[in-house]
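These notes are about the structure you will find just below.
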Amino acid sequence: MKAVIMAGGKGTRLYPLTSHLPKPLLPILHLPCITHILRLLHKHHITEAAVTTGYLADTLEQTLGQEAEGVSLTYFREDIPLGTAGGVAQTREFIGDEDFIVISGDALCETDLTVAIEARRKADALALLVLTRVSDPGEFGVVLHDRDGAITGFSEKPSLSGTFSDTVNTGIYVFSPAIFSFIPEGVCDFGRDLFPALLRQGQRLYAHIDTHYWCDIGDHESYRLANLRLSEGETVIGPRSSVPDAGIVGSVIGQHCRIADGARIEDAILCDHVTVEAEAFIGAGSVIGRGCRIGEGAVLSDGTVLDPDTVVPAGAWLRSGGGGSYKAVVSAFLSENGLLCPLSEMTAPLAVRLGSALCEACGRGRIGLMSDGSSEGGRIAAALLRGIRAGGGEPILMGQGFEAMASYGAVSLGLSLALFVRCEDGRLSLSWFDRHGLYPVRDVERKLLSALSRDSVPNAEPPKPSSDVDAAESLYLPMLTAKRCALDGFAVSVTGDNAPSHLLTRALLAIGGKVGNGGLRLSLSDDGFSLSAEQDGFTIDDRHVKALLLRYLIRDRVAMPATTPDAVLDLCRGRCQLYTHCPSGEEEEPARALAARRPELIHGGAAAMELAGLLAVSGRSLKELCRHLPAFTCRSAELIDCSEGRLGILPSVGAPAGDGVVASYAHGNVRVIPSRRGFRLTSEAASGEYAEEILALSEKEIKRLLASLRGEE
């Protein structure tokens, strides 16, 4: 059997380690990573391999030669990146008519290739994918399969809420040679393009879970940990480096480095030819580029990343040469709507850096900025504004308001991103919305964290001037009142003392509502997205409000969140598209664009205006109108558990359903969405009693699975 080793990647996230070396040549315990792969192939009696090359191809080919570790090598260079499948397609004549294996040259693993090869033969599959279990699947391709191993679904680098399993693609495949006839010409990726297409065509794809060690050295920390694993936790010191025994822990030191006595280095990476003078300190997570010189007594705080040949003067203090520490903070506090953290964590430098990183993540377009009107909110918004300007974005100042107003501003102004800052009770909430007024696609999250992990790059262009827009008066209030039914004295009241309620009151008065203390009582959440209504003692929640609008007012096509109750979707079955909270690709773009055209299905204020008009025109009560809705009740709960590997229970809990998984019961269903704190559960049933019953059943089952995971059963 022959192998194809994919070795053309640039390793952008590993910079500056990859400034002079391609990713497969990065040393793992003094040997290039690809050497470990070649040894693995030889161990399993594979002695011929094709190597697809790209970035720094000459360096790779000259280092390995025509034979290495008992494996003869034939090179196939990609002058233009063709994707993983496109690169492998070039090797068709080399492979011939036999089964072959594909493996990445930039991952460290001990996979049992012999067992995987035999598994493909037994399954008689077109392709067998080797999978492994990870605690954080967000940087990998998640694969779902049935009990027999047949693959049933894929999700490429999903958000946490979109995760349905912890089994991920290792990039190791065993193929029948027939696979070549399915790879199209040009750019094609296995995980993103080819495998989902094969699944749609009904081809046999099988999974094999390997429990041996596997690590994709895709970022600085995984690279450091891979080295330490092979060194059994001892600091790795490259050949011809002068390094004292004391003062260095958990670190990887390159070749030809000189570290003086008294220097301290903790959990860091030093590339080749780095000099560190006496009494200097390099903090955890730091990466020092090739040829750097750190002066005597200099202090490099956690997360410092230095470009090659940087000179740090004696006694200098770098609070963060790059964004490593900023990335750690932001990663820790990412929430389902943006960022949620203690106010004390959001320093002015972090807010500036966050603004420029968000600017980079959305392509340096037009970025809206709105705050809640608090002094702290204004302070953080000002720092974000400095970052947006430094990052080359065009700031749009939208004044003060609330989250739903910022969301609608993104739609009406065609913004790349809209940011909303809320500060209360010592906590900061920073929400962001894309041009459809929804949480952005997963790629924005990934680009944000990637930008924060690097030095900020000064914008070469002059800062773009900011524009001022009164979002309340010129955007949101007109949206609430335009094309609404005249209320002609219909009695309505708005409860609550928040900004969305005040604006709704003005809108109701503008179209003739008799706003007082009686009649239809409307209540808006502080963020402006959720509405509840009450009339004559009969109360409905936001889900039932949307159901009424779909039942009586909306006749054309709509787009709804994947988390919408089935009973509501039944009202528009056949004319409804679904979108997830944070999709991993662009496939949902049409649905998200459609959603933006129906503000009454997103914004509580717009829904309130439509509901008031419906009651006023129909002359019927809220209770009467609801009689013609399907009976349903929802209940919610949060199960807090941060156990390692907790995502692995999801396939046993329910079936993938866009956001999380759904467990079906005789009387309803329960959606389980993973979160950073554990799991969010929402049940749906015909009655409150049934909804509470199945919610309790799901909680009990999840706790049982988690206990089993921890070995407590």
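The values are calculated or read from the model by the stated rules, or taken from the named source; none is laboratory data. Because the structure is predicted, anything quoted here is derived from the model rather than measured. Reconstructed Cβ throughout: ideal geometry from the backbone, glycine too, with neighbour counts over all protein chains shown. Side chains included, ligands, DNA and RNA excluded: accessible areas come from the protein's heavy atoms. Shrake-Rupley method; radii C 1.70, N 1.55, O 1.52, S 1.80 Å.
Across region 81-209, the mean sequence separation of Cα contacts (distance under 8 Å, 6 or more residues apart), normalised by length, yields a relative contact order of 40 percent. The relative contact order of the chain comes to 9 percent, based on Cα pairs under 8 Å that sit 6 or more residues apart.
Starting from the Kirkwood Rh over alpha-carbon pairs, what translational D in µm² s⁻¹ does region 604-645 have by Stokes-Einstein at 37 °C and 0.692 mPa s? Approximately 238 µm²/s, per Stokes-Einstein. Only one residue of GLY289, SER501, LEU520 has its Cα farthest out toward the positive end of the dipole of the chain, where Lys and Arg carry +1 and Asp and Glu -1 on Cβ, and that residue is LEU520.
Full extension of the chain between THR495 and LYS122 gives 127.7 nm of extra length, using 0.36 nm per residue less the Cα-Cα distance. A simple rule links phi to the HN-Hα coupling: the Karplus curve 6.51 cos²θ - 1.76 cosθ + 1.60 with θ = phi - 60°, which for region 557-573 gives 5, 9, 10, 10, x, 4, 7, 4, x, 4, 4, 6, 5, 4, 6, 10, 4 Hz, with x for Gly and Pro.
Annotation for ALA631 and LEU697: the two label points, set 7 Å from Cα along the Cα-Cβ direction, are 1.8 nm apart.
Give me the distance between the Cα centres of region 268-316 and region 464-505, rounded to whole Å. That distance is 55 Å.
Close amide-amide hydrogen proximity is noted between GLY141 and LYS157, ASN169, each under 5 Å apart and 5 or more residues distant or on a separate chain (H modeled in the peptide plane; Pro and chain starts excluded). Only helices enter this figure: runs of n ≥ 4 DSSP H residues, each worth -39500 (n - 2.57), summed and divided by the residues of the chain, yield -8500 deg cm²/dmol at 222 nm to the nearest 500. Highest mean first, the peptides 625-637, 411-423 sorted by other C-beta atoms within 10 Å per residue fall in the order 411-423, 625-637. Derived scalar couplings between HN and Hα for region 297-305 equal x, 5, 10, 10, 6, 3, x, 6, 10 Hz in order, rounded to whole Hz, by the Karplus curve 6.51 cos²θ - 1.76 cosθ + 1.60 (θ = phi - 60°), x for Gly and Pro. Residues in the chain average 41 Å² of solvent-accessible surface per residue, probe 1.4 Å, ligands and nucleic acids excluded. Nonpolar atom fraction for region 544-587, defined as the carbon and sulfur part of the 1.4 Å probe accessible area, stands at 48 percent. Between VAL311 and THR12, the FRET efficiency from the beta-carbon distance, with R0 = 25 Å, is close to 0.50. Of the peptides 576-584, 127-135, 182-190, the order by per-residue mean of other Cβ atoms within 10 Å, starting with the highest, comes out as 127-135, 576-584, 182-190. Less than 5 angstrom separates the built amide H of VAL4 from those of ALA50, ILE101, VAL102, ILE103, all sequence-distant by 5 or more or on a different chain. For region 182-285, the residue among HIS208, SER241, ALA260 whose Cα projects farthest onto the positive side of the dipole built from Cβ charges is HIS208.
Distance from the C-alpha centroid of region 180-209 to that of region 19-80: 25 Å, rounded to the whole angstrom.
Counting only lysines at least 8 places from LYS2 when in the same chain, those with an alpha carbon closer than 28 Å to its own are LYS10, LYS23, LYS43, LYS122. Membrane-span-like helices in the chain, defined purely by DSSP H runs whose alpha carbon atoms cover 27 Å or more axially and whose average Kyte-Doolittle hydropathy reaches -1.0, are 688-709. Remark on VAL299: its backbone amide H falls under 5 Å from those of PHE281, ALA316, TRP317, LEU318, a criterion applied only to residues 5 or more positions apart or on other chains, H modelled at 1.01 Å from N. For a paramagnetic label modelled at 7 Å from the Cα of VAL115 toward its Cβ, which residues of region 199-218 fall within the zone defined by backbone nitrogen distances under 14 Å? Once the point is set 7 Å along Cα→Cβ of VAL115, 208-214 turn out to lie under 14 Å by backbone N, inside region 199-218.
Here the spin labels are modelled as points 7 Å beyond Cα on the Cα-Cβ line, and at LEU340 and GLU589 they lie 3.1 nm apart. What separates the Cα centres of region 377-406 and region 322-376 is a distance of 10 Å. In a fully extended conformation the segment linking GLU473 and THR505 would gain 10.2 nm over its present Cα-Cα distance, using 0.36 nm per residue.
Per-residue Karplus couplings for region 475-484, computed as 6.51 cos²θ - 1.76 cosθ + 1.60 with θ equal to phi - 60°, are listed in order as 10, 6, 4, x, 5, 5, 9, 5, 6, 9 Hz, Gly and Pro entered as x.
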